[in-house]
Structures are given as structure tokens and as C-alpha cells.
1. For volume of the Cα convex hull per residue in Å³, the listed values are (i) 119; (ii) 129; (iii) 217; which was obtained by calculation from the structure presented?
2. If we restrict to alpha carbons, what Rg and Dmax does segment 1-68 come to, in Å?
3. Through the Karplus equation 6.51 cos²θ - 1.76 cosθ + 1.60, θ set to phi - 60°, convert the phi angles of segment 49-58 into ³J(HN,Hα) values in whole Hz; use x for Gly and Pro.
4. Rounded, prolate or oblate: which fits segment 13-52 when a ≥ b ≥ c are the square roots of the eigenvalues of the alpha-carbon gyration tensor, with rounded for a/c under 1.5 and prolate only if a/b beats b/c?
5. Quickly estimate the mean residue ellipticity at 222 nm for the chain, helices only: each DSSP H run with n ≥ 4 gives -39500 (n - 2.57), and the total goes over all residues, rounded to 500.
Amino acid sequence: MKNLNKIFTWTMVALIVISVVLLVWGFAKGWDFKDDLPVDALLLWAYIMVGLAVIAVIGVGLAIGIANNPKSVIKLGIGLAAIAVVCFVAYLVAPGSPAVSLTTEQPNASTLKLTDTILYLTYFAGILAVLAIIAGEIRLAITNKKG
């Protein structure tokens, strides 16, 4: 177990060092250097980090679930399927309409559609967070009143 913690620690240190190097490189070269190359590199690194986080969460959840309770894998699959359905519905509902404040050329239609999808998912997550806070406070008030 100690070796696993060392691996995680050194992997995290390596990812942080790469992130800092990319950030310093962007500031040193200037963010408009050679067709926004530092910005593109930073965005690509952000995508890689998000992908690694998603893989880690699913992988660790799957490994722990299989080790502790093999039936929990079914719940994990149902949860992932529900998230996929919500993302798909948000994609279908997203209009992908052009940005009105841009005076330069517009992004392509697929970029606009993806941007609207992400905005809808952000709104949905924000509403769920507020509802969870309200429901938690109501539940806490009810349990404290009974005691």
C-alpha cells in the first residue's frame, strides 16, 4: 500500500510540475505567440487532466466496487448511463445558435452546439446543487426537531 501511495504522490507531483511549466511558458512567450500556441497547449493539457480525472474516478470506483461489493458495479453502470442520457438530452436540446456579440467570424456549428450543451449541463448542475442544499437543510431541520 505504501508503494501505491508513493506512485500516486509522484504522479500528482509530475502533473503539477507539467502544469506549472506550461503556465510559465505561456506567460514567458506571451499568450498570442505564433497563433495562440501557448493557449492551445494549455487547453489541450486541461483536456488531458480532465480525461485523467474521469478515468481515475471511474477506474478507482470500479476497482473498489468490485473488491468490496461486486453488485455495486451495477449501480455504477446505472449512474454512468444516467449521466450519459442527461448529456445526450442536453446535446439534443442545445440550439447551437450563433454568438450575437462577435463582430469577427463565428465558430463552426459543431463548436456552437457543444458550447451550448456545456452551458446547459452547467445550469443543470447548478440547479441540482441548490436543490441539494435546500433539501439537506430541510432534512437537517426535521431531524433536529425530532431529537
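1. (iii)
2. Gyration radius and largest Cα-Cα distance of segment 1-68: 16.1, 52 Å.
3. Each residue of segment 49-58 in turn: 5, 5, x, 5, 5, 5, 5, 5, 5, 5 Hz.
4. Values: a/c = 4.28, a/b = 1.51, b/c = 2.83.
Since a/c reaches 1.5 but b/c is at least a/b, the shape of segment 13-52 is classed as oblate.
5. -29500 deg cm²/dmol
No lab work stands behind these numbers, since they all come straight from the coordinates. Since the model is a prediction, treat every value here as computed from it, not as a measurement.
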